[in-house]
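Colleague: Dropping the structure in here first, questions after.
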Amino acid sequence: MNVLIALVPAAALAAGNFLVAAQPGCVACNAWLLAGPFVLALLLLATLPRVPAPLRPVAAAPVADVAEQGALGLLAALQAAGRLVDFLEEDLAAYGDEQVGGAARDIHQGCQRALRERVTLGPVLAGAEGDAVTVEGGFDPAAIRLTGNVTGSPPFRGVLRHAGWRAKTVTLPVRRGQDPRVIAPAEVEIT
């Protein structure tokens, strides 16, 4: 880039010198008028600080793509640790309750471990199920769902049926170098 910045004006100056001041009988004069701007450009190029190349902005992944990759990464972790996708996609009609129960315990343990390694959860509301609670005005309806006989305006008094879940911390590893839509690779046993 610096070479281009230096040589383009030098070429323009040399062309102007040739057109305006060239003398047919003086070879040294013509050489000086034509080569001088290029020599000056090269000297400037050697002594002036380098101009960095312009930075090209890197396009950030759209928010939906980042969120989708995070969800797929968590699903892949749950599949790897507990084979959750296999379990959910399996037709359980052919199996007895005892077989399903035994498989569910292993899946539960693996998925619980994978989830706890990546997400720290806490309750939305403190308290145990069955406790009496008061929901004050200005509550977040996305965090607290009112059910039953909901009339009037807050404060609402009721019974906690589920404390809800809120993610306190999330650490999902970025799965670089692989298709994020591949939840679990196909396995081929070579015989």
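The values are calculated or read from the model by the stated rules, or taken from the named source; none is laboratory data. What you are looking at is a predicted structure, and each value in this text was computed from that prediction instead of being measured. Cβ placement follows ideal geometry from the backbone for every residue including glycine, while neighbour counts extend to all protein chains displayed.
Colleague: GLY110 - would you say it is closer than 24 Å to VAL170 by Cβ and part of a helix (DSSP H, G or I)?
Modeller: Working: closer than 24 Å to VAL170 by Cβ: yes; part of a helix (DSSP H, G or I): yes.
The answer is yes for GLY110.
Colleague: Out of LEU121, LEU172, LEU115, LEU125, which single residue is part of a strand (DSSP E or B) and surrounded by 11 or more Cβ atoms within 10 Å (Cβ to Cβ)? Give the steps one after another, and end with the answer.
Modeller: Details: LEU172 fails: part of a strand (DSSP E or B); LEU115 fails: part of a strand (DSSP E or B); LEU125 fails: part of a strand (DSSP E or B).
Criteria check complete, one pass: LEU121.
Colleague: Could you say which residue among ALA186, ALA103, ALA163 is of a type in the set (A, V, I, L, M, F, W, C) and either at pLDDT 90 or above or touching a strand residue (DSSP E or B) at 6+ places or on another chain (Cβ under 6 Å) (or both)? I'd like the intermediate steps shown before the answer.
Modeller: Details: ALA186 fails: either at pLDDT 90 or above or touching a strand residue (DSSP E or B) at 6+ places or on another chain (Cβ under 6 Å) (or both); ALA103 fails: either at pLDDT 90 or above or touching a strand residue (DSSP E or B) at 6+ places or on another chain (Cβ under 6 Å) (or both).
Exactly one of ALA186, ALA103, ALA163 is of a type in the set (A, V, I, L, M, F, W, C) and either at pLDDT 90 or above or touching a strand residue (DSSP E or B) at 6+ places or on another chain (Cβ under 6 Å) (or both), namely ALA163.
Colleague: For segment 137-156, does any single residue satisfy the condition of being over 30 Å from ALA67 (Cα atoms) and of a type in the set (A, V, I, L, M)?
Modeller: Yes, because at least one residue in segment 137-156 is over 30 Å from ALA67 (Cα atoms) and of a type in the set (A, V, I, L, M).
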